[in-house]
Amino acid sequence: MDKRKIGIIVMSLVGVVWLALIIYFFFFFKFPGSVIPAPIKAPVAETTTNNQPSLPAVTTPIVKQAEIPATTTVPPATNAEVTQSYLTKVASSFAERLGSYSNQDNYANIMDLKIQMTASMQKWADSYIAAAKKANPYSGVYQGLTTHAITSEIKNFDNAKGTADILVQTQKVVSNEAATSTAAYTEDLLVSFVKENVQWLVNNIKWQNKSTKN
């Protein structure tokens with residue numbers, strides 16, 4: 001056998017050996033550190049019982065939402081009701097102002113009320129003041145009267161005719177300069193209104209039911 005054939009055979013053997021080594025290293029040889037360690041189980045704590053009674057289960061009470069009562073719709077006041085309420089307030093204020101005076105104010109309490117009076121009532125006011133000044137001239141000694149409205153009551157109301165009568169119960173206290181004594185009593189004032197155009201005016205007044213308190 002010549003040298004050429006021998007060389008080919010040797011080279012073939014060397015190639016087979018190298019191929020075998022490559023297959024071995026890739027598929028069968030285990031490199032260091034390539035082994036996956038088995039998972040380590042965590043130690044389970046042992047539970048011990050000390051013969052303690054078990055706690056009862058806690059239940060959370062269910063709170064029911066409070067029921068909201070249905071709202072009640074209040075009907076709006078009628079024009080007549082509004083007018084009556086207005087007249088009772090005007091009558092009470094009128095009675096307090098008319099019944100409260102001082103002999104030093106020159107009857108300003110009545111003069112201030114003339115704007116709320118009809119023309120005929122204004123004439124009465126002027127005549128009353130003139131007569132009072134003549135009958136009771138100022139003597140230099142103070143005298144006064146304080147009036148407070150207690151209640152008011154509608155005795156008559158006719159919106160169509162434009163008439164109304166309001167009875168106001170008042171309490172009066174008389175005082176003087178010496179202030180040694182005071183007299184208190186109750187007295188009612190009947191205030192009569194008439195409607196002129198769109199304005200309610202006082203057309204007549206009458207003091208009545210005077211009752212002295214000791």
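Name the residue that is farthest from the chain's Cα centre (by Cα), counting only residues in the stretch 104-133 that are outside any helix (DSSP H, G or I), under 24 Å from Lys195 (Cβ atoms) and not hydrophobic (A, V, I, L, M, F, W, C). Within the stretch 104-133, the match that is farthest from the chain's Cα centre (by Cα) is Thr118.
Reported count of residues in the stretch 158-173, each being in contact with a Phe, Trp or Tyr (Cβ under 9 Å, 6 or more places away or on another chain), more than 12 Å from Trp200 (Cα to Cα) and not β-branched (Val, Ile, Thr), is 2. Criterion applied to Ser139, Ser102 was being farther than 15 Å from Ile205 by Cβ, small (Gly, Ala, Ser) and in contact with a Gly (Cβ under 6 Å, 6 or more places away or on another chain), and the one residue passing it is Ser102. Does any residue of the stretch 141-152 turn out to be farther than 15 Å from Leu190 by Cα, among the hydrophobic types (A, V, I, L, M, F, W, C) and surrounded by fewer than 16 Cβ atoms within 10 Å (Cβ to Cβ)? Checking the stretch 141-152: at least one residue is farther than 15 Å from Leu190 by Cα, among the hydrophobic types (A, V, I, L, M, F, W, C) and surrounded by fewer than 16 Cβ atoms within 10 Å (Cβ to Cβ). Of all residues being loosely packed, with under 13 Cβ neighbours inside 10 Å and charged (D, E, K, R) in the stretch 182-214, which is farthest from Lys155 (Cα to Cα)? Just the residue, please. That would be Lys213. Taking the options Asp188, Asp126, Asp165, name whichever one is over 15 Å from Thr88 (Cβ atoms) and at pLDDT 95 or above. Matching residue, one of Asp188, Asp126, Asp165: Asp126.
Among the residues of the stretch 180-200, those that are under 22 Å from Arg97 (Cα atoms) and free of Cβ contacts under 8 Å to residues at least 40 places away in the same chain comprise Thr182, Ala183, Ala184, Tyr185, Thr186, Asp188, Leu190, Ser192, Lys195, Gln199. The residue list Asn156, Asn204 contains one member that is part of a strand (DSSP E or B), among the polar types (S, T, N, Q) and over 20 Å from Leu98 (Cα atoms), which is Asn156.
The values are calculated or read from the model by the stated rules, or taken from the named source; none is laboratory data. Note that the coordinates shown come from a computational prediction; the quantities given were computed from them, not determined experimentally. In this analysis, Cβ positions are derived from the backbone assuming ideal geometry, glycine residues included, and neighbour counts consider all displayed protein chains.
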